[in-house]
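Written below as structure tokens is the structure these notes are about.
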Amino acid sequence: MADSVDAGVASAVGRYVVTQERSLDRDCTTLGRHVLQQLQSFGSDAQDLSALMNRIALAGKLIARHLNRSGLVDDALGFTGATNVQGEAVKKMDIYANDVFISVFKQSGLVCRLASEEMERPYYIPENCPIGRYTLLYDPIDGSSNIDIDLNVGSIFAIRQQEGNDETGEAVDLLQAGHKQLAAGYILYGPSTVLVYSIGRGVHAFTLDPSLGEFILSHENLKIPSSGKLYSVNEGNFGQWEPAMQACVQYFRETGGYSSRYSGALVADLHRILFQGGVFLYPGTQAKPQGKLRLLYEAAPLAFLMEQAGGLASDGRQPIMDIVPEKIHARSPLVIGSSEEVRRVESLLQRGSD
Ligand code: P6P
């Protein structure tokens, strides 16, 4: 009897030790380490990418901290009174988050240029430019209309290699298709702060552990369901869409089993669809055929991620990743999510064109 009890205790302890070791190993799987594991390399390029992702994680922590106490901090919420290059009213949090990304890359030797939704022209960090060969493209706060009401918002980012010396300061080398992205992802500021990224080797999610101050691996090799029962679109714009797009949304409305979910924050809506399947749409309208979302720092990073997760992303007719923008703040319609739903939208739009 005693032997079997001892054996039972031993195996329980064994399991505990394994579990403890596993949980310790998991707590040590930070973003920087995960990048090196993904690349199976300790070379300089791998170290650069690891350091870049660590800086982005730091930006996420700083923004999450500011968001979490924004209701208690004077001057954190509300509008600045300015209008950005998009013609949108600027929130104080937009400016704070934009500055955070700039600050975390100063003295990093990594990033020479930052192109942001909030800045008409790219921001250069001179001390980095002689050696920093990377450009960060980002939307510092996506969904800022949700900030003052404490609903989910996000940050979207992409990393590209600088090509040439950008003598004119026009950053024309950024006007290339999404395939040029080296890494992309988003940070979702919600009940927990989650960073989802890809360097072209699958999609992985990290959850911020406030007690550690670290993003810890929480979901590895995420794959979107090939089909889902959610569609996410602002149906208030229905009357402004082309008839073929109206037919698409009618399809989701009237085919049994689909549910509509729309939060007003692209990152939050996309995160839901990444995990549960379905499709997010931001179509063009008669007034704005290119729609509202920006290509280089919203649609293209999310398309990179979605394709890595086994999903699709198009403007309704061509892959987002193939689109070459004519200017840094170019916009594009977006249809993104499960392959079956995206293809359904594309075929209905094609039929409408025919
Ligand atoms: P609308 C936020 O401003 C944003 O860029 C996305 O995050 C969001 O999906 C979209 O705009 C919401 O726009 O016109 O539906 O309010």
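With one equal scatterer per alpha carbon and no solvent term, the Debye-computed log10 I(q)/I(0) for segment 42-154 at 0.20, 0.22 1/Å reads -1.06, -1.20. Taken along the Cα-to-beta-carbon direction at a fixed 7 Å, the label points for LEU77 and ARG65 span 2.1 nm. The calculated FRET efficiency for GLU88 paired with SER259, based on their beta-carbon distance and R0 = 41 Å, is about 0.90. In this rough spin-label picture, where each label sits 7 Å from Cα along the Cβ direction, the SER4-ILE95 distance is 7.4 nm.
Think of each Lys and Arg Cβ as +1 and each Asp and Glu Cβ as -1; about the Cα centre, that makes the dipole of segment 148-239 roughly 540 debye. Residue exposure proxy: SER227, SER314, ordered by other Cβ atoms within 10 angstrom of their Cβ from fewest to most, comes out as SER227, SER314. Rg/Rh for the chain stands at 1.02; both radii use Cα atoms, and Rh follows the Kirkwood definition. Full extension of the chain between LEU36 and GLU170 gives 45.0 nm of extra length, using 0.36 nm per residue less the Cα-Cα distance. When DSSP beta bridges are restricted to pairs lying wholly in the chain, around 85% turn out antiparallel.
The phi-based Karplus calculation (6.51 cos²θ - 1.76 cosθ + 1.60; θ = phi - 60°) puts the 3J(HN,Hα) values of segment 157-163 at 9, 9, 10, 10, 7, 6, 10 Hz, whole numbers, x for Gly and Pro. Stretched out straight at 0.36 nm per residue, the stretch from SER227 to CYS129 would grow longer than its current Cα-Cα span by 30.8 nm. Full extension of the chain between ASN234 and THR207 yields a length gain of 6.9 nm, computed as 0.36 nm times the residue separation minus the alpha carbon distance. Annotation: the antiparallel percentage among DSSP beta bridges lying fully within segment 230-353 is about 70. Note: segment 29-219, Cα convex hull, 124 Å³ per residue. What the phi angles of segment 259-274 give under the Karplus curve with 6.51, -1.76 and 1.60, with θ = phi - 60°, is a coupling list of 10, 9, 9, 8, 9, x, 10, 3, 4, 5, 5, 5, 4, 4, 6, 4 Hz, glycine and proline written as x. Farthest toward the positive end of the dipole of the chain, out of TYR282, ASN84, VAL172, is the Cα of TYR282, where the dipole comes from beta carbon charges about the Cα centre. Segment 208-259 and segment 111-162 have Cα centres lying 24 Å from one another. The charge dipole of the chain, taken about its Cα centre with unit charges on the Cβ of Lys, Arg, Asp and Glu (plus for the first two, minus for the last two), comes to roughly 380 debye. By the beta carbon rule, with partners counted only under 4.7 Å, the chain holds these lone Cys residues: CYS28, CYS248. Cβ crowding within 10 Å, taken as a proxy for footprinting-reagent exposure, orders GLU341, GLU346, GLU120 from fewest neighbours to most as GLU120, GLU346, GLU341.
Annotation: amide H-H contacts under 5 Å for LEU182 (H modelled 1.01 Å from N, sequence separation of 5 or more, or interchain): ILE159, ARG160, GLN161. Amide H contacts of ALA330 (H built 1.01 Å from N, in plane; Pro and chain starts excluded): LEU295, LEU296 sit under 5 Å, all sequence-distant by 5 or more or on other chains. With both labels modelled 7 Å from their Cα along Cα-to-Cβ, the ALA330 to MET119 distance reads 2.1 nm.
Along segment 7-13 the Karplus relation, 6.51 cos²θ - 1.76 cosθ + 1.60 evaluated at θ = phi - 60°, assigns HN-Hα couplings of 4, x, 5, 4, 5, 5, 4 Hz to successive residues, with x for each Gly and Pro. From helices alone, the chain scores -11000 deg cm²/dmol at 222 nm; the rule is -39500 (n - 2.57) for each run of n ≥ 4 DSSP H residues, then divide by the residue total. In terms of surrounding Cβ atoms within a 10 Å radius of their Cβ, CYS112, CYS129 rank from fewest to most as CYS129, CYS112.
Bear in mind these aren't lab numbers, they're just calculated from the coordinates by the rules spelled out. What you are looking at is a predicted structure, and each value in this text was computed from that prediction instead of being measured. Cβ sites come from the backbone with ideal geometry, for glycine too, and all protein chains shown count toward neighbours.
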